[in-house]
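One structure is given here, and the rest of the page talks about it.
Read-outs throughout are calculated quantities, based only on the coordinates presented, and are distinct from any laboratory measurement. Given the structure is predicted, the values throughout are model-derived calculations rather than measurements. Using ideal geometry, Cβ is built from the backbone for each residue, glycine included, and neighbour counts are taken over all protein chains shown.
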Amino acid sequence: MDFNSSLRIAATGLHAQTARMRVIAENLANADSAGKTPGADPYRRRIPTFETSFDAEVGGKIVEVGKLAYDNSDFTTRYEPGHPAADASGYVKYPNVNTLIETMDMREAQRTYEANLNVVTVTRQMLGKTLDILRGFALFGILVMNIQAFAMISAAYINPLAVPPVGNAEY
């Protein structure tokens with residue numbers, strides 16, 4: 001696997017975790033929003049899904065964001081008879097969002113995002129080191145060529161017959 005493949009796979013992971021954190025943030029933002037009218041359903045928790053697929057260009061599996069699924073668990077109810085969304089019994093439906101679960105999901109998504117970001121960082125550092133090594137070989141080759149050229153010049157200066165003649169030059 002080459003550097004570009006590693007970067008591409010990590011980038012798809014970053015994209016997937018960004019989408020996951022966006023959905024979790026939406027869930028947290030709507031955790032206390034009740035319905036607008038009596039008996040109306042409040043916000044329903046959303047769950048991001050992921051799919052893996054083989055990418056021939058990369059030569060490995062990548063992750064893609066799938067469709068959003070809805071959590072079909074029951075809504076919570078609270079007795080608030082004065083609330084505009086209260087039903088005839090005085091109960092108000094609230095979203096099925098558990099802030100503790102959402103916070104843990106957010107933490108997990110952040111850590112997974114950071115892991116993918118570390119892959120990108122390390123891959124870029126490895127690529128930089130590889131380029132430094134290649135530059136070093138190139139500079140070493142130039143240095144060796146220059147030493148040989150200077151050696152030939154100094155040898156010709158000391159003994160003109162030590163270096164073969166160039167072209168039709170006669171000594």
- Calculate the length of the line joining the C-alpha centroid of the stretch 1-51 to that of the stretch 104-118, in whole Å. 13
- Added length on full extension, which subtracts the Cα-Cα distance from 0.36 nm per residue, Tyr79 to Ala40: 12.5 nm
- FRET efficiency for Asp87 and Ala25 from the Cβ-Cβ distance with R0 = 30 Å, rounded to 0.05, comes out at 0.50
- Query: Just from the alpha-carbon atoms, what are the Rg and Dmax of the stretch 1-136 in angstroms?
  - Reply: 21.8, 80
- State, to one decimal in nm, how far the label point of Ala115 lies from the label point of Ile142, with both points 7 Å from Cα in the Cβ direction. 4.3
- Determine the sum of side-chain charges near Thr12: Lys and Arg each +1, Asp and Glu each -1, restricted to other residues whose C-beta is under 15 angstrom from that of Thr12. -1
- Item | Cβ-Cβ FRET estimate between Arg135 and Glu57, R0 fixed at 30 Å, reported to 0.05 | 0.60
- Once the piece of chain linking Arg124 and Asn98 is laid out straight, how much longer is it, given 0.36 nm per residue of separation minus the C-alpha distance between them? 5.5 nm
- Which net charge results for the neighbourhood of Val92, defined as the other residues with beta-carbon distances under 10 angstrom from its beta-carbon, given Lys and Arg at +1 and Asp and Glu at -1? 0
- Item | Restricting the stretch 44-146 to GluC sites (Glu not before Pro) in coil, as DSSP defines it, with at most 11 other Cβ within 10 Å | Glu57
